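Trainee: Below is one structure. I have some questions about it.
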Amino acid sequence: MRVVIQDDYEKMCEWAANYIADRMRAHKEDRPFVLGLPTGSSPLGVYARLVEKNKAGEISFANVVTFNMDEYLGLPHEHDQSYWYFMHDNFFDHLVDMKPENINILNGMTDDPEGECARYEEKIASYGGIDLFMGGIGVDGHLAFNEPYTSLTSRTGLRDLTTDTRIVNSRFFGGDPEKVPAQALSVGIGTVTDAKEVLVLISGHNKARALAAVVEGGVSQKWTCSALQMHNAAIIACDEASCGELTVDTYKYFLDIEKGERL
Ligand code: GLP
C-alpha cells in the first residue's frame, strides 16, 4: 500500500486529480475506462479539479463509465441528500462530454434491493471490472457503506447504518440523525478490492484514528478499509492533519519513500 502525504486538503485533492487524469489519459484500450466514485466532502476538491481539466480539454469523459459506491435507501433522485443528486450537482452536470448512459448509481428507490445489487455487480463485470476505484472513509474506517464488521469479501448489497454514522451524516440532514436513512445500498469491500487500482482520500484530524488503524493495524473487519492492505495497487492520499495518530517511523517512512510526490 502507498501512502501519499500532502500538506493540506487542497494539495491532497490536486495530487489525486492529477493521478486520476494521468490514468485516464494512459488508457488506450477500446473498452471504456471504468471509474468507481464516492460521495462525501472528501472528494469535492478532486471533482472540482477534474471538471476544470475536462473543461480545459485536458481529459475527456467520452469513453468513461462510472459506478458510484453507494446510495441511501428510500431517497429519490431529486432529494438533495441523495447521492444521485450529489453526484450530478457536484460533478456530472459540469462535465462537457460525460454520457448520461455511462453513469451508474444504485437505485435507492428500488423495491428489489437484492436484484438491484446483483444487477450492479453484473454490470460492473460486463465492462471487465473497475479500472480505478476512488473512495473516502468514515471516521470508523468504513469504506462506501461497509460499516465495522462487514465481511472483507462482501459484495454489493443492502447495509444497515450504525448510529454513529447516522450521527456523523446528520450534518447534512438538519442535524437530526433520525432523518438520516437507516439503510443504504453499497458496493462491498470485495467489489472495491476487485478494482485494478484503489485510491482512497483521507483528510482531517477526525480521520486520524482511522488512518492509523488502516495503515498500521492488522487487516481487520473492524476497520473495513484495512482490506486495502491485501490489494497490490492501493493508494491512500492524505493530508498532514490526518497523520496525527501515525507512529513517527511510519510517517517518516512514507514521506521518505514518496518524497517525489509531495506537491
Ligand atoms: C459516507 C459515505 C462514504 C464516505 C463517508 C465519509 O458515510 N457513505 O462513502 O466516505 O461518508 O464522508 P466525508 O468525506 O464527508 O468525511
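The values are calculated or read from the model by the stated rules, or taken from the named source; none is laboratory data. From a predicted model like this one, the values you see are computed outputs, not experimental measurements. In this analysis, Cβ positions are derived from the backbone assuming ideal geometry, glycine residues included, and neighbour counts consider all displayed protein chains. The area values use the complete protein model at the heavy-atom level, side chains included, leaving out ligands, DNA and RNA. Shrake-Rupley method; radii C 1.70, N 1.55, O 1.52, S 1.80 Å.
Trainee: Out of curiosity, is residue 158 within 13 Å of the ligand (Cβ to nearest atom) and either outside any helix (DSSP H, G or I) or farther than 19 Å from residue 35 by Cα (or both)? Steps first, answer last, please.
Mentor: Values: within 13 Å of the ligand (Cβ to nearest atom): no; either outside any helix (DSSP H, G or I) or farther than 19 Å from residue 35 by Cα (or both): yes.
For residue 158, the condition - within 13 Å of the ligand (Cβ to nearest atom) and either outside any helix (DSSP H, G or I) or farther than 19 Å from residue 35 by Cα (or both) - is not met.
Trainee: Among (1) out of contact with any helix residue (DSSP H, G or I) (no Cβ under 9 Å at 6 or more places or on another chain); (2) within 11 Å of the ligand (Cβ to nearest atom), where does residue 138 come up short?
Mentor: Condition (1) is where residue 138 drops out.
Trainee: From the list 193, 224, which one is of a type in the set (S, T, N, Q) and either farther than 30 Å from residue 32 by Cβ or in contact with a Gly (Cβ under 9 Å, 6 or more places away or on another chain) (or both)?
Mentor: Numbers: 193 fails: either farther than 30 Å from residue 32 by Cβ or in contact with a Gly (Cβ under 9 Å, 6 or more places away or on another chain) (or both).
So the residue among 193, 224 that is of a type in the set (S, T, N, Q) and either farther than 30 Å from residue 32 by Cβ or in contact with a Gly (Cβ under 9 Å, 6 or more places away or on another chain) (or both) is 224.
Trainee: Does residue 95 fit the bill of being away from the ligand (no atom under 12 Å from the Cβ) and either open to solvent by less than 30 Å² (accessible area, probe 1.4 Å) or out of contact with any Lys or Arg (no Cβ under 7 Å at 6 or more places or on another chain) (or both)? Break it down into steps so the answer makes sense when it comes.
Mentor: Numbers: away from the ligand (no atom under 12 Å from the Cβ): yes; either open to solvent by less than 30 Å² (accessible area, probe 1.4 Å) or out of contact with any Lys or Arg (no Cβ under 7 Å at 6 or more places or on another chain) (or both): yes.
In short, yes.
Trainee: May I pose another question? Would you check which residues across the range 190-248 are aliphatic (A, V, I, L, M), surrounded by fewer than 16 Cβ atoms within 10 Å (Cβ to Cβ) and more than 29 Å from residue 121 (Cα to Cα) and list them?
Mentor: Start the filter on the range 190-248 by keeping residues that are aliphatic (A, V, I, L, M), which leaves 192, 195, 198-202, 208, 210-215, 219, 227-228, 230, 233-237, 241, 246, 248.
Going one step further and asking which of them are surrounded by fewer than 16 Cβ atoms within 10 Å (Cβ to Cβ), we end up with 219, 230, 233, 248.
Across the range 190-248, the qualifying residue is only 248.
Trainee: Still on this structure, please answer the following. Look at residue 135 and say whether it is buried (at least 16 other Cβ atoms within 10 Å of the Cβ) and on the phi > 0 side of the Ramachandran plot.
Mentor: Values: buried (at least 16 other Cβ atoms within 10 Å of the Cβ): yes; on the phi > 0 side of the Ramachandran plot: no.
No: the conditions fail for residue 135.
Trainee: So, one more: Pick from the range 117-131 the residues that are away from the ligand (no atom under 16 Å from the Cβ) and buried (at least 20 other Cβ atoms within 10 Å of the Cβ): which of them is farthest from residue 162 (Cα to Cα)?
Mentor: Here is the first cut: in the range 117-131, the ones away from the ligand (no atom under 16 Å from the Cβ) are 118-119, 121-129, 131.
Applying the additional criterion that residues be buried (at least 20 other Cβ atoms within 10 Å of the Cβ) yields 124, 131.
Working: 124: 27, 131: 30 Å.
By that ranking, first place goes to 131.
Trainee: Here's something else I'd like to know. Of 28, 55, which residue is of a type in the set (Lys, Arg) and either modelled with pLDDT of 95 or more or surrounded by 14 or more Cβ atoms within 10 Å (Cβ to Cβ) (or both)?
Mentor: Details: 28 fails: either modelled with pLDDT of 95 or more or surrounded by 14 or more Cβ atoms within 10 Å (Cβ to Cβ) (or both).
Of the residues listed, the single one that is of a type in the set (Lys, Arg) and either modelled with pLDDT of 95 or more or surrounded by 14 or more Cβ atoms within 10 Å (Cβ to Cβ) (or both) is 55.
Trainee: Provide a single number: the residues in the range 149-177 that are under 16 Å from residue 192 (Cβ atoms) and either open to solvent by 20 Å² or more (accessible area, probe 1.4 Å) or of a type in the set (Ser, Thr, Tyr) (or both).
Mentor: Here is the first cut: in the range 149-177, the residues under 16 Å from residue 192 (Cβ atoms) are 150-157, 159.
Cutting the leftovers down to either open to solvent by 20 Å² or more (accessible area, probe 1.4 Å) or of a type in the set (Ser, Thr, Tyr) (or both) gives us 150-156, 159.
Summing the residues that are under 16 Å from residue 192 (Cβ atoms) and either open to solvent by 20 Å² or more (accessible area, probe 1.4 Å) or of a type in the set (Ser, Thr, Tyr) (or both) in the range 149-177 gives 8.
Trainee: Are any of the residues in the range 42-56 in contact with a Ser or Thr (Cβ under 7 Å, 6 or more places away or on another chain) and assigned to a strand (DSSP E or B)?
Mentor: Scanning the range 42-56, I find no residue that is in contact with a Ser or Thr (Cβ under 7 Å, 6 or more places away or on another chain) and assigned to a strand (DSSP E or B), so the answer is no.
Trainee: Of the conditions (1) in contact with a helix residue (DSSP H, G or I) (Cβ under 9 Å, 6 or more places away or on another chain); (2) of a type in the set (A, V, I, L, M); (3) within 26 Å of residue 263 (Cα to Cα), residue 233 fails just one. Which one is it?
Mentor: So residue 233 meets the others, but not (1).
Trainee: Now for a separate question. Hey, among 213, 184, which residue is in contact with a strand residue (DSSP E or B) (Cβ under 7 Å, 6 or more places away or on another chain) and either part of a loop (DSSP other than H, G, I, E, B) or away from the ligand (no atom under 14 Å from the Cβ) (or both)?
Mentor: Details: 184 fails: either part of a loop (DSSP other than H, G, I, E, B) or away from the ligand (no atom under 14 Å from the Cβ) (or both).
The conditions single out 213.
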